[in-house]
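Written below as structure tokens is the structure these notes are about.
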Amino acid sequence: MPTSSYLLLHFFFFFFFLFISLFSADGTELIIVNNCKETIWPGILGSAGHETPREGGFELSSGEQTVLQVPEQWSGRIWPRQGCCFDENTGKGSCQTGDCGGFLQCGGIGGVPPASIVEMTLGTSNSDLHYYDVSLVDGFNIPVSMVPIGGGEGCGVAACEADLNVCCPEALVVKRQGKVVGCKSACLATKTDRYCCTGEFADPNSCKPTIFAHLFKAICPRAYSFAYDDASALKTCKAPRYVVTFCPPDN
């Protein structure tokens, strides 16, 4: 091969792989892992103005994982749906918890509580920092965690790794076919301003954790237990990828 042709080919591959590297580095990688002993149907919802990956939902068998590539500054939530049954042709059906309008692909519909929710804002117009948390404000159905891969010192783990269903107060229990499948939050159960941090309680000075929030916090200290639980629940990082695990090991 002539020297000039070899150099042209060399530069072509150099810039090709540089382009691929830059393209793949754009945005954030979310690795979704199902460590549960049962199939989980992740639900996904982009915040207003943000896309919803995978049309908002898919099936993830026990032991399986999948990868979502979301753009820079993506904001949204992911939650586990359990006990689902969908028609193969229409995609219609229902889930015992976390159901989104009776569809496999939620398509912009949020999950019905109680459900454990992973919330994230992966950069904003004012900051490139990532903010994320696991919220029990809408109750609990499945243990879940969000762990950064890379990102350096100070990147925290957001999680509720324990099964709150086994110690859920009777007033908050959700059962399906005689089995406890979820635990309501006090807000969901009572629908009052005091427990929902609304109305006259819509600020951190008047909205305080209830006895139920204290119970959730004692068992899952790295998760939101009530609306103004920012200090210990909201995590900050700047990592290229995160692992969201359903039924993570209880550490």
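The values are calculated or read from the model by the stated rules, or taken from the named source; none is laboratory data. Computed from a predicted structure; not experimentally measured. Glycine gets a Cβ as well: all are built from the backbone with ideal geometry, and neighbour counts include every protein chain shown. These area figures cover heavy atoms from the full protein model, side chains too; ligands, DNA and RNA do not enter into them. Shrake-Rupley method; radii C 1.70, N 1.55, O 1.52, S 1.80 Å.
Key figures for this structure:
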| item | result |
| --- | --- |
| Carbon/sulfur fraction of accessible area - the chain, other protein chains in place, 1.4 Å, % | 55 percent |
| Local electrostatic count at Lys191 - Lys and Arg +1, Asp and Glu -1, tallied over other residues with Cβ under 14 Å | 0 |
| Under 26 Å, Cα to Cα: Lys pairs in the chain, sequence gap 8 or more or different chains | 22 |
| Charge-dipole axis of the range 98-176 as Lys and Arg at +1 and Asp and Glu at -1 on Cβ define it, positive-most pick from Gly101, Ser116, Ser135 | Gly101 |
| Assigned charges on the beta-carbon of Lys, Arg, Asp, Glu; the chain dipole about Cα centre (debye) | 440 debye |
| Proximal charge balance of Phe140 [Cβ under 13 Å; K/R count +1, D/E count -1] | -1 |
| Debye-sum result for the range 131-184 in log10 I(q)/I(0), which assumes one identical scatterer on each alpha carbon, at q = 0.14, 0.20 Å⁻¹ | -0.46, -0.72 |
| Positive-end residue of Gly154, Ile219, Gly182, charge dipole of the range 152-251 with Cβ unit charges | Gly182 |
| Radius, Kirkwood style, for the range 157-235 when every pair of distinct Cα atoms is counted (Å) | 13.3 Å |
| Cα-based Rg and Dmax for the chain, where Dmax is the largest Cα-Cα distance (Å) | 20.7, 81 |
| Kirkwood-Stokes translational diffusion coefficient of the range 53-107, alpha-carbon pairs, 4 °C, 1.567 mPa s, µm²/s | 105 µm²/s |
| Cα point-scatterer Debye curve for the range 112-251, base-10 log of I(q)/I(0) at q = 0.13, 0.14 Å⁻¹ | -0.57, -0.65 |
| Highest-first arrangement of 169-180, 46-57, where packing means the average Cβ count within 10 Å | 46-57, 169-180 |
| Cut-off 13 Å between beta-carbons: net charge of the residues surrounding His50, Lys and Arg +1, Asp and Glu -1 | -2 |
| Interchain or long-range residues, amide H under 5 Å from Gly156's placed H | Thr236 |
| Potential lengthening between Glu153 and Thr66 on full extension [0.36 nm per residue; Cα-Cα distance subtracted] | 28.7 nm |
| With 5 Å bins from 0: P(r) over the range 19-133, alpha-carbon pairs, percent | 2, 12, 21, 23, 19, 12, 7, 4, 1 |
